[in-house]
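Here's the structure, in structure tokens; my notes come after.
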Ligand SMILES: [Zn+2]
Ligand SMILES: [Zn+2]
């Protein structure tokens, strides 16, 4: 099919062909500005799967035969990661498990858990759900409703407790590695926040986030870290992945949403700038020399900690001490 465009006032007509996929010559549906490619739906999806494979091999994220636990929240990123890894694992003799944390956020988390159950059922992947209530004795709703804790950031409390919950689930499943669905935008935003805060220890952390280290309870990998968020959304859409679109009611992004807008505006004007910034971030974090804090074992829970008490035990004490329930 051809589009006919009239050019100028003269009757000169020019036939303009619709853009063809750079890879297969079908009609394209997506222009990838940073690479100059035009892609059809099928080639676009293959390109995303190739990017994940490349990241896994470039950063040495997974080993042959690894038992992989995928942290699945029910959002587009984690369900996409699960879909791609489940396909890859079939070819690499690896076993895969989905792990969902139920923080106890009423009228939000239930929908996500149902979505995850249905999706993991379709993919035939074992699904493990662990709740804050059963692990810690309180839900996130309980924490937020407790008036005296309202000043503390819900996201920071939740993040600390969720990471531990994933570790506990991973231990009980006996997985070798946990894959989380952080994408390139998430990684860059975190890097920029830490940089702007002058928090060099966390800027340095970026290095270990990319190159998984064994000293953590279970090593963590981020196979989507080379992929733009908007391309993951497009992949999820093209694959008809049902995902939760509403945001967490407690979400308070603060400076993160400003950095997201800034990076998106820069990318619009300068395609590929997010990639080059990510590469700079990796090199900067690698080159920072900070006296490594020696990891000990927390005297309460025996998990690795930089002090006598780990951040999880401190948080639990703080929450329980402040709660009226
Ligand atoms: Zn194509
Ligand atoms: Zn502890």
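Any residue at all in region 122-137 that's surrounded by fewer than 16 Cβ atoms within 10 Å (Cβ to Cβ), at pLDDT below 90 and farther than 13 Å from residue 316 by Cα? There is no residue in region 122-137 that is surrounded by fewer than 16 Cβ atoms within 10 Å (Cβ to Cβ), at pLDDT below 90 and farther than 13 Å from residue 316 by Cα.
Against the criterion of being within 16 Å of ligand 2 (Cβ to nearest atom) and touching a strand residue (DSSP E or B) at 6+ places or on another chain (Cβ under 6 Å), residue 309 does not qualify.
Results for (1) away from ligand 1 (no atom under 16 Å from the Cβ); (2) crowded, with 17+ Cβ neighbours inside 10 Å; (3) free of Cβ contacts under 8 Å to residues at least 40 places away in the same chain, shown as yes or no for each residue.
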| residue | (1), (2), (3) |
| --- | --- |
| 246 | yes, no, no |
| 260 | yes, yes, no |
| 275 | yes, no, no |
| 278 | yes, yes, no |
| 283 | yes, no, yes |
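Taking (1) buried (at least 20 other Cβ atoms within 10 Å of the Cβ); (2) within 20 Å of residue 120 (Cα to Cα); (3) within 16 Å of ligand 1 (Cβ to nearest atom) in turn, residue 44 satisfies each apart from (2). Screening the candidates 125, 168, 144, 178 for the property of being assigned by TED's automatic domain parsing to the domain that holds residue 56 and within 30 Å of residue 277 (Cα to Cα) yields one hit, 178.
Listed here are the residues, each with its yes/no results for (1) in a loop (DSSP other than H, G, I, E, B); (2) in contact with a strand residue (DSSP E or B) (Cβ under 8 Å, 6 or more places away or on another chain).
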| site | (1), (2) |
| --- | --- |
| 42 | no, no |
| 48 | no, no |
| 57 | no, no |
| 60 | yes, no |
| 64 | yes, no |
| 70 | no, yes |
| 81 | no, yes |
| 90 | no, no |
| 106 | yes, no |
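Residues in region 222-236 that are farther than 12 Å from residue 80 by Cβ and part of a loop (DSSP other than H, G, I, E, B): 222, 225, 226, 228. Are any of the residues in region 291-306 more than 16 Å from ligand 2 (Cβ to nearest atom), surrounded by 18 or more Cβ atoms within 10 Å (Cβ to Cβ) and not in a loop (DSSP other than H, G, I, E, B)? No; the residues of region 291-306 include none that is more than 16 Å from ligand 2 (Cβ to nearest atom), surrounded by 18 or more Cβ atoms within 10 Å (Cβ to Cβ) and not in a loop (DSSP other than H, G, I, E, B). Note on region 237-269: residues that are assigned to a loop (DSSP other than H, G, I, E, B) and either over 24 Å from residue 191 (Cβ atoms) or in contact with a helix residue (DSSP H, G or I) (Cβ under 9 Å, 6 or more places away or on another chain) (or both) amount to 15.
As a summary of the residue check, residue 195 satisfies the conditions (1) under 16 Å from residue 260 (Cα atoms); (2) at pLDDT 95 or above except for the one numbered (2).
Table: residues versus (1) within 19 Å of the chain's Cα centre (by Cα); (2) in contact (Cβ under 8 Å) with a residue 60 or more places away in the chain; (3) over 20 Å from residue 248 (Cα atoms).
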site: 99; (1), (2), (3): yes, yes, no
site: 116; (1), (2), (3): yes, no, no
site: 122; (1), (2), (3): no, no, yes
site: 131; (1), (2), (3): no, no, no
site: 135; (1), (2), (3): no, no, yes
site: 140; (1), (2), (3): no, yes, no
site: 161; (1), (2), (3): yes, yes, no
site: 164; (1), (2), (3): yes, yes, no
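Checked against the criterion of being part of a helix (DSSP H, G or I) and at pLDDT 95 or above, the candidates 185, 167, 141, 207 yield just one match: 185.
Checked against (1) crowded, with 18+ Cβ neighbours inside 10 Å; (2) touching a residue at least 40 places away in the same chain (Cβ under 8 Å); (3) under 20 Å from residue 74 (Cα atoms), residue 175 meets all criteria but (3). For region 43-63, state whether one or more residues are free of Cβ contacts under 8 Å to residues at least 24 places away in the same chain and touching a helix residue (DSSP H, G or I) at 6+ places or on another chain (Cβ under 7 Å). No, there is no match, as no residue in region 43-63 is free of Cβ contacts under 8 Å to residues at least 24 places away in the same chain and touching a helix residue (DSSP H, G or I) at 6+ places or on another chain (Cβ under 7 Å).
State whether one or more residues within region 252-261 are under 30 Å from residue 58 (Cβ atoms), more than 12 Å from ligand 2 (Cβ to nearest atom) and at pLDDT below 85. There is at least one residue in region 252-261 that is under 30 Å from residue 58 (Cβ atoms), more than 12 Å from ligand 2 (Cβ to nearest atom) and at pLDDT below 85.
The values are calculated or read from the model by the stated rules, or taken from the named source; none is laboratory data. All of these numbers come straight from a predicted model, not from anything done at the bench. FYI the Cβ positions are ideal-geometry reconstructions off the backbone, even for glycines, and counts take in every protein chain you see.
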